[in-house]
1. Among the residues of region 147-176, which ones are touching a helix residue (DSSP H, G or I) at 6+ places or on another chain (Cβ under 7 Å) and over 14 Å from M111 (Cα atoms)?
2. Suppose we filter region 196-220 for residues that are open to solvent by 10 Å² or more (accessible area, probe 1.4 Å), in contact with a strand residue (DSSP E or B) (Cβ under 7 Å, 6 or more places away or on another chain) and not in a helix (DSSP H, G or I); how many remain?
3. What's the total number of residues in region 300-323 that are outside any helix (DSSP H, G or I) and among the charged types (D, E, K, R)?
4. Out of all the residues in region 33-40, is one or more out of contact with any Leu (no Cβ under 7 Å at 6 or more places or on another chain), within 16 Å of the ligand (Cβ to nearest atom) and modelled with pLDDT under 95?
5. Scan region 177-191 residue by residue and report those that are assigned to a loop (DSSP other than H, G, I, E, B) and either in contact with a helix residue (DSSP H, G or I) (Cβ under 6 Å, 6 or more places away or on another chain) or of a type in the set (A, V, I, L, M) (or both).
6. Looking at the structure I just gave you, is A42 assigned to a helix (DSSP H, G or I) and out of contact with any helix residue (DSSP H, G or I) (no Cβ under 7 Å at 6 or more places or on another chain)?
7. Please state which one of A253, A235, A277 is out of contact with any Ser or Thr (no Cβ under 8 Å at 6 or more places or on another chain), farther than 18 Å from T106 by Cα and buried (at least 23 other Cβ atoms within 10 Å of the Cβ).
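The values are calculated or read from the model by the stated rules, or taken from the named source; none is laboratory data. No experiment lies behind these values; they were computed from the predicted model shown. Neighbour counts are summed over all protein chains in view; Cβ atoms, including those assigned to glycine, are modelled from backbone coordinates with ideal geometry. We work out accessible area using only protein heavy atoms, side chains counted, and drop any ligands, DNA or RNA first. Shrake-Rupley method; radii C 1.70, N 1.55, O 1.52, S 1.80 Å.
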Amino acid sequence: MEKPRILVSRKLPAAVEAALARDFDVTPNAEDVPLDRAAFRAALMEYDGLLVTVTDALGAEVFAGLAPRCRILANYGVGFSHIDTGAAQGAGIVVTNTPDVLSDCTADLAMTLLMMAARRAGEGERELRAGRWSGWRPTHMIGTKVTGKTLGIIGFGRIGQAMARRAHFGFGMRVLVQNRSVVAAEVLAETGAVQVDSVETLLPECDFVSLHCPGGAENRHLIGEARLAMMKPSAILVNTARGEVVDEAALAAALKGGVIAGAGLDVFEKEPEIHPALLECDNAVLLPHLGSATRETREGMGMRAVENLRQFFAGEAPQDRIV
Ligand code: DGY
């Protein structure tokens, strides 16, 4: 029997490429640059499945008017706001993602950003490397204590919960949660978290706010000028979710104007472009979308995508089916 033909949109860890090659007729992306719309439309007509990721813009226009050969988009990543899942479904295509395997590492990175922003680690390193450090002094580069403070978590799925564990068990923080649906009492109890009814209730209470909600149209600019103004002037915002959740122009203005004290960002509205005003903010820690970037997690994500493809082509329900 012929192996299903799979197009892989970006270079993957070697172990994942080897696993894919065992069961599929794989076309890799040797250049490792994102495919454009025309290339995706052609791929949808040529391949049985596509293994795609966050850098692939798969809006409705990619699927429009096609009767594709492709029957599955196996997304490498948990977030899927880059895919118009309704349009994919309308074209008869199943979409899967890779939850669970990246929760710990993404929460680790959110905590890294929180700590870096609180303790001014980026600023300190820049000063030292530039040869501007004149030595220890009691008033040098004073940051904010983390232990015992209040952390607000917006979006209490797997990654939000992993962040709460780090904050609660590692730093004795009080955790407030805002989530679309009611969080089970036993889940909140694990970290002594309290669910509040709205973002507006959460923001003024928190020393740190970490975003873990999905991206996409429904959460676009969830944090904008008005909500930034509700935060404490001493507060720090952390975003490892999706760039579109934060209005970057408003955030840069808030950082410059002292509306909030700092930010730690791993995701951006127009990746890999960074809003120029953010680059001017010394009180912003900016990382290049590293949330899941550990060997263990990137391999885990790949194996999960391969498993979804295997299940689908074996006629089983893929474990991580979205639509
Ligand atoms: C995810 O899985 O959504 C990460 O942001 C990497 O794509």
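1. Of everything in region 147-176, those that are touching a helix residue (DSSP H, G or I) at 6+ places or on another chain (Cβ under 7 Å) and over 14 Å from M111 (Cα atoms) turn out to be I154, R158, L176.
2. Final tally of qualifying residues: 5.
3. In the first step, residues of region 300-323 are kept if they are outside any helix (DSSP H, G or I); the result is 314-323.
Add one more test, that the residue is among the charged types (D, E, K, R), and what stays is 316, 320-321.
Total meeting the criteria: 3.
4. yes
5. Initially, region 177-191 is screened for residues assigned to a loop (DSSP other than H, G, I, E, B), giving 179-184, 191.
Answer for region 177-191, where residues must be assigned to a loop (DSSP other than H, G, I, E, B) and either in contact with a helix residue (DSSP H, G or I) (Cβ under 6 Å, 6 or more places away or on another chain) or of a type in the set (A, V, I, L, M) (or both): V182, V183, A184, T191.
6. Numbers: assigned to a helix (DSSP H, G or I): yes; out of contact with any helix residue (DSSP H, G or I) (no Cβ under 7 Å at 6 or more places or on another chain): yes.
So A42 fits the description; yes.
7. Numbers: A253 fails: buried (at least 23 other Cβ atoms within 10 Å of the Cβ); A277 fails: buried (at least 23 other Cβ atoms within 10 Å of the Cβ).
Selected residue: A235, the only one of A253, A235, A277 that is out of contact with any Ser or Thr (no Cβ under 8 Å at 6 or more places or on another chain), farther than 18 Å from T106 by Cα and buried (at least 23 other Cβ atoms within 10 Å of the Cβ).
Okay, residues lined up against (1) open to solvent by 10 Å² or more (accessible area, probe 1.4 Å); (2) free of Cβ contacts under 8 Å to residues at least 24 places away in the same chain; (3) more than 12 Å from the ligand (Cβ to nearest atom); (4) within 23 Å of N239 (Cβ to Cβ):
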{"position": "V26", "(1), (2), (3), (4)": "yes, yes, yes, no"}
{"position": "T53", "(1), (2), (3), (4)": "yes, no, no, yes"}
{"position": "D56", "(1), (2), (3), (4)": "no, no, no, yes"}
{"position": "G90", "(1), (2), (3), (4)": "yes, no, yes, no"}
{"position": "L109", "(1), (2), (3), (4)": "yes, no, no, yes"}
